[in-house]
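Just below is one structure, and these are the notes that go with it.
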Amino acid sequence: MRNCAQLVASLLPDALFVDIGSTTTDLVPIRGATLEVRGFSDADRLACEELVYTGVVRTPVMALASRIPFDGQWIPAMAEYFATTADVYRLTGELPEGADQLPAADNGGKTVRDSARRLARMIGRDLESAPLAQWKQCAGHLADLQLWRIRQACERVLSRIDAFDRSPLVGAGTGRFLARKLAAHLGRRYRDFDSLIDAEPDAASWASSCAPAVAVALLAQRRRRK
């Protein structure tokens, strides 16, 4: 991740780099082409919220909420691995194609109704107990909670950087659709990682999704040219 942030810093000297993947979110503030980070181990990065252990595919729903609003009630979420954020974003229609590469929580199918069935289990219900639209609404609430969690971390990281108001947010990773939303919430311009590099149009999306690997290759190419 540090290599990726270093590449961004060399191309955009002031920015907030946000990489949201299947499992984790990395936040790197960049000022004057320098990485203004405090954490140098996973433990330190978790403590200062430069690493947020939440992503758009593998995160269990039970990690997003202890209770879920449904049918006019707050229902405690079951502390079981019944559904994941892949199910949440499949129901909201935002899960990128090819992002969910692991078996589902119940080893079942990956249709919208399959995801709704798994989400229903989180509050002790069956899929048929409510219309599909209600399960989609439920997924939307969980998605909002995850976005709020990442936004809080962003605001904490940004609070220690002076004169940072106009720097853009650079998004990478499978979950960069959330990074775009974050930029809007934070009042910042948004740029995809691939907009900073010379990527072919048909490869741009994958370049952003796999930004750390792309960054390593580009930095190695630079070193060879010196």
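The values are calculated or read from the model by the stated rules, or taken from the named source; none is laboratory data. These numbers come from a predicted model, not from an experiment. So basically every Cβ, Gly included, is an ideal-geometry build from the backbone, and we count neighbours across all protein chains shown. Keep in mind that these areas ignore ligands, DNA and RNA; they rest on the heavy atoms of the full protein, side chains included. Shrake-Rupley method; radii C 1.70, N 1.55, O 1.52, S 1.80 Å.
Quick notes
- Filtered residues of the range 178-197 (kept if small (Gly, Ala, Ser) and open to solvent by 30 Å² or more (accessible area, probe 1.4 Å)): 184, 187, 195
Yes/no matrix, rows are residues, columns are (1) at pLDDT below 80; (2) in contact with a Phe, Trp or Tyr (Cβ under 6 Å, 6 or more places away or on another chain); (3) not hydrophobic (A, V, I, L, M, F, W, C):
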residue: 185; (1), (2), (3): no, no, yes
residue: 194; (1), (2), (3): no, no, yes
residue: 198; (1), (2), (3): no, no, yes
residue: 203; (1), (2), (3): yes, no, no
residue: 209; (1), (2), (3): no, no, yes
residue: 213; (1), (2), (3): no, no, no
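- Close pairs from the range 103-117: first under 17 Å from residue 130 (Cβ atoms) and open to solvent by less than 30 Å² (accessible area, probe 1.4 Å), partner charged (D, E, K, R) and modelled with pLDDT of 95 or more, Cβ under 6 Å, at least 6 apart: 115/87; 115/90
- Number of positions in the range 165-177 that are open to solvent by less than 20 Å² (accessible area, probe 1.4 Å) and touching a helix residue (DSSP H, G or I) at 6+ places or on another chain (Cβ under 6 Å): 4
- Extreme residue, most open to solvent (accessible area, probe 1.4 Å), among residues of the range 1-10 that are assigned to a helix (DSSP H, G or I) and within 18 Å of residue 210 (Cα to Cα): 2
- Qualifying residue in the range 109-126 (condition: modelled with pLDDT of 95 or more, small (Gly, Ala, Ser) and part of a loop (DSSP other than H, G, I, E, B)): yes
- Cβ-Cβ under 9 Å pairs, at least 6 apart or on other chains, the range 66-90 side on the phi < 0 side of the Ramachandran plot, far side among the aromatic types (Phe, Trp, Tyr) and surrounded by fewer than 21 Cβ atoms within 10 Å (Cβ to Cβ): 67/74; 68/74; 89/177
- Count of the range 167-195 residues which are aromatic (Phe, Trp, Tyr) and closer than 21 Å to residue 6 by Cβ: 2
- Once the range 199-212 is narrowed to residues that are over 18 Å from residue 9 (Cβ atoms) and not acidic (Asp, Glu), the residue that is most open to solvent (accessible area, probe 1.4 Å) is 206.
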